[in-house]
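Enquirer: Attaching a single structure in structure tokens format; questions to follow.
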Amino acid sequence: MSVARASRDAVRVHIRWMIRRDMADVLKTELASFEFAWTEDDFLRCLRQRNCIGMVAEADEKVVGFMIYELHKTKLHILNFAVAPAARRSGVGDQMVSKLVAKLSSHRRTKITLAVRESNLPAQLFFRAQDFRANRVLRNYYEDSGEDAFQMEYRVAAPAVTTTSTAHPSTRAAMTKPPRVRSSTRPAGVTGGPRCGGSPPR
């Protein structure tokens, strides 16, 4: 157990589809996590889109985290991700990311992307510990503040490839190290989120 995690026992959560009665708890976590919080209308507008999915993490019949993401042909794109303050540093965010990673495959959706505010260091550290890497700076991404964002990306490990050769019949291509989904850093929310369809917030 890490030093950061030792101060709080791990919480085992059940991750399920978000439903309308979850909205009060989701909004409470949203307001506690972001300076520029989504409204209920923002959530509902996203969830009405065919490719937009909402999920909640539930412990002892209480919603302790949520995530909103879009399904695309080759990737998942996280729009919003947050853990309730009382449940942070207890592995809730780790389990939520693991749920998303489990939806990837080496032959279809191979990556997860998201945008994180430049000022949101806790979220950057959390996702970096989940093997996400910043690969691009999105200038003036947020209309509410003009702040830049880092685009972060997680890629599924490439499958092993076996090659044959008459000279070296046992030669094998190197295999990418499997992902390590583990973190002790508190996810303080992702972005305050782009609204939907990849657009920045108002």
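Enquirer: Quick check for you: with a 1.4 Å probe and neighbouring chains kept, what is the accessible area per residue of the range 37-165, in Å²?
Expert: 46 Å²
Enquirer: Quick one: what are the phi-derived ³J(HN,Hα) couplings along the range 107-115, Karplus 6.51/-1.76/1.60 with θ = phi - 60°, whole Hz, x for glycine and proline?
Expert: 10, 9, 7, 10, 8, 10, 10, 6, 10
Enquirer: Using per-residue counts of other Cβ atoms within 10 Å, averaged over each peptide, order 112-120, 149-157, 132-140 from highest down.
Expert: 112-120, 149-157, 132-140
Enquirer: Here's a follow-up. Calculate, axis by axis, the spread of Cα positions in the range 1-137 along the three principal axes, and write the results as whole Å, longest axis first.
Expert: So the extents along the principal axes, rounded to whole Å, are 40, 33, 29.
Enquirer: Between the range 139-161 and the range 67-127, how many Å separate their Cα centres?
Expert: Result: 11 Å between the Cα centres.
Enquirer: Among the lysines, which fall within straight-line cross-link reach of residue 73, defined as a Cα-Cα distance under 26 Å, with same-chain neighbours fewer than 8 residues apart omitted?
Expert: Within the straight-line cut-off, residue 73 pairs with 99, 103, 111, 177.
Enquirer: Would you mind computing Rg(Cα) / (2.2 N^0.38 Å) for the range 26-95, counting N as its residues?
Expert: With N residues counted in the range 26-95, Rg over 2.2 N^0.38 Å equals 1.12.
Enquirer: Trypsin sites (Lys or Arg not before Pro) within the range 1-80: which are DSSP loop residues with at most 12 other Cβ atoms inside 10 Å?
Expert: 12, 48, 50, 73
The values are calculated or read from the model by the stated rules, or taken from the named source; none is laboratory data. In this text the structure is predicted, and so the values were computed from the model without any measurement. Reconstructed Cβ throughout: ideal geometry from the backbone, glycine too, with neighbour counts over all protein chains shown. Ligands, DNA and RNA are excluded from the accessible area calculation, which covers all protein heavy atoms including side chains. Shrake-Rupley method; radii C 1.70, N 1.55, O 1.52, S 1.80 Å.
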